[in-house]
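The values are calculated or read from the model by the stated rules, or taken from the named source; none is laboratory data. Just so we're clear, the structure is a prediction, and the values are computed from it rather than from any experiment. Note that we place each Cβ from the backbone using ideal geometry, even for glycine, and neighbour counts take in every protein chain shown.
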Amino acid sequence: MTRPILSVVVPVYNEEAGLPALFARLYPALDALAIPYEVIFVNDGSRDRSAALLKDQFVARPDVTRVVLFNANYGQHLAVIAGFERVRGQRIVTLDADLQNPPEEIGKLLAAMDEGADYVGGVRSVREDSWWRRTASRLMNRLRENLTKIKMTDQGCMLRAYSRSIVDAVAASREVSTFIPALAYTYANHPTEVDVAHAERAAGESKYSLYKLVRLNFDLVTGFSVVPLQLFSMFGMIVSAAALVTYLIVIIERLIISGWREGFATLWDRDILAFFLIGMLLFGLGLIGEYVGRIYQQVRGRPRYTIAATLERDADTHVKVASRV
Ligand code: UDP
Ligand code: MG
């Protein structure tokens with residue numbers, strides 16, 4: 001295998017319906033670039049026939065295909081990291097397996113790198129997703145823009161190119177829950193963006209449920225910002241101060257005005273205050289839990305994933321099927 005210049009990393013989770021179409025478009029697009037390349041597919045614990053299809057593809061194009069099979073589903077971002085840890089090229093492109101990112105656009109990203117960028121983010125000029133996904137993305141993009149120092153127009157677009165040094169840094173980061181476009185951005189010297197096309201999913205359904213999307217955005221916000229934690233403590237301080245003032249007023253009122261009003265007013269205020277503070281405490285507890293949960297995961301230092309098998313060609317051109325299972 002000639003040493004690849006370009007490594008393409010594709011996470012795959014239950015994509016059997018779309019993989020044949022992906023192979024049929026990705027390889028010609030890469031061949032057309034006329035540079036040595038490799039494609040690393042990471043099967044993220046698919047329960048359908050994706051692994052078998054990837055194996056067939058490896059057999060068909062062993063010179064440029066490498067396959068990593070996870071034993072279980074660890075999520076798109078860890079799948080991409082597994083690819084990052086194995087890349088041999090100097091430029092790395094990530095791509096979704098569902099053909100929402102047209103492989104023909106890879107050339108555009110590489111052209112931006114020729115001009116000196118070490119991080120090229122794709123921006124989906126026209127986005128082919130449901131209305132609620134587009135609206136939620138817009139809101140999350142704005143929130144991230146305000147909470148972190150990361151400047152990205154379209155954080156959800158995974159069609160991106162990275163220099164090898166960035167990818168090595170991402171792979172060396174021992175975080176458990178992460179968001180690769182943001183993490184890579186923090187390592188970039190010359191980030192830039194280019195407009196890329198976007199298509200509807202070729203086949204199958206989105207692998208992100210509402211729950212998974214919410215989790216991912218928690219990873220993004222808590223992974224790159226402590227503002228939520230700070231906001232909470234600010235809010236807590238303001239509320240405590242307001243509570244103190246309220247009680248002062250109630251006590252003064254008590255001293256000045258006597259009779260039934262006194263008891264009634266005190267009770268009523270205390271109830272409101274108690275409910276408010278309990279709500280606050282619960283909210284704060286939940287938020288602190290987000291951070292503590294991550295610290296807990298981090299300090300355990302478990303391997304972030306374990307691999308069931310890898311399919312790749314040996315350095316000395318022999319086809320090899322390595323397996324530990
Ligand atoms: N994916 C993955 N593991 C997961 C979820 C998704 O490897 O747990 C892959 C999926 O196969 C696809 C990419 O990540 O290649 C993006 O997923 P999807 O297209 O479902 O997300 P959406 O486009 O709806 O944001
Ligand atoms: Mg998709």
Inset, instruction - Report whether or not Asp114 is surrounded by fewer than 21 Cβ atoms within 10 Å (Cβ to Cβ), more than 16 Å from ligand 2 (Cβ to nearest atom) and free of Cβ contacts under 8 Å to residues at least 40 places away in the same chain. - result: yes
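Do we have Leu229 as assigned to a helix (DSSP H, G or I), at pLDDT below 75 and under 27 Å from the mean Cα position of the chain (by Cα) here?
On the way: assigned to a helix (DSSP H, G or I): yes; at pLDDT below 75: yes; under 27 Å from the mean Cα position of the chain (by Cα): yes.
Against the criterion (assigned to a helix (DSSP H, G or I), at pLDDT below 75 and under 27 Å from the mean Cα position of the chain (by Cα)), Leu229 qualifies.
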Legend entry - Near pairs, Cβ below 6 angstrom, 6+ apart or cross-chain, from region 92-109 (touching a residue at least 60 places away in the same chain (Cβ under 8 Å)) to any residue that is of a type in the set (Phe, Trp, Tyr): Ile92/Tyr162
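Of Thr310, Thr306, Thr222, which residue is hydroxyl-bearing (Ser, Thr, Tyr) and either over 26 Å from Ala172 (Cα atoms) or modelled with pLDDT under 75 (or both)?
On the way: Thr310 fails: either over 26 Å from Ala172 (Cα atoms) or modelled with pLDDT under 75 (or both); Thr222 fails: either over 26 Å from Ala172 (Cα atoms) or modelled with pLDDT under 75 (or both).
Just one listed residue meets the conditions, Thr306.
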Inset, instruction - Return a yes/no flag: does region 77-92 have any residue that is over 23 Å from Val167 (Cβ atoms) and buried (at least 17 other Cβ atoms within 10 Å of the Cβ). - result: no
Legend entry - Selection within region 195-223 - over 23 Å from Tyr296 (Cα atoms), surrounded by fewer than 19 Cβ atoms within 10 Å (Cβ to Cβ) and either away from ligand 1 (no atom under 11 Å from the Cβ) or among the hydrophobic types (A, V, I, L, M, F, W, C) (or both): Asp195, Ala197, Ala199, Ala202, Ala203, Leu210
Legend entry - Residue among Ala169, Ala136 that is small (Gly, Ala, Ser), at pLDDT below 95 and more than 16 Å from ligand 2 (Cβ to nearest atom): Ala169
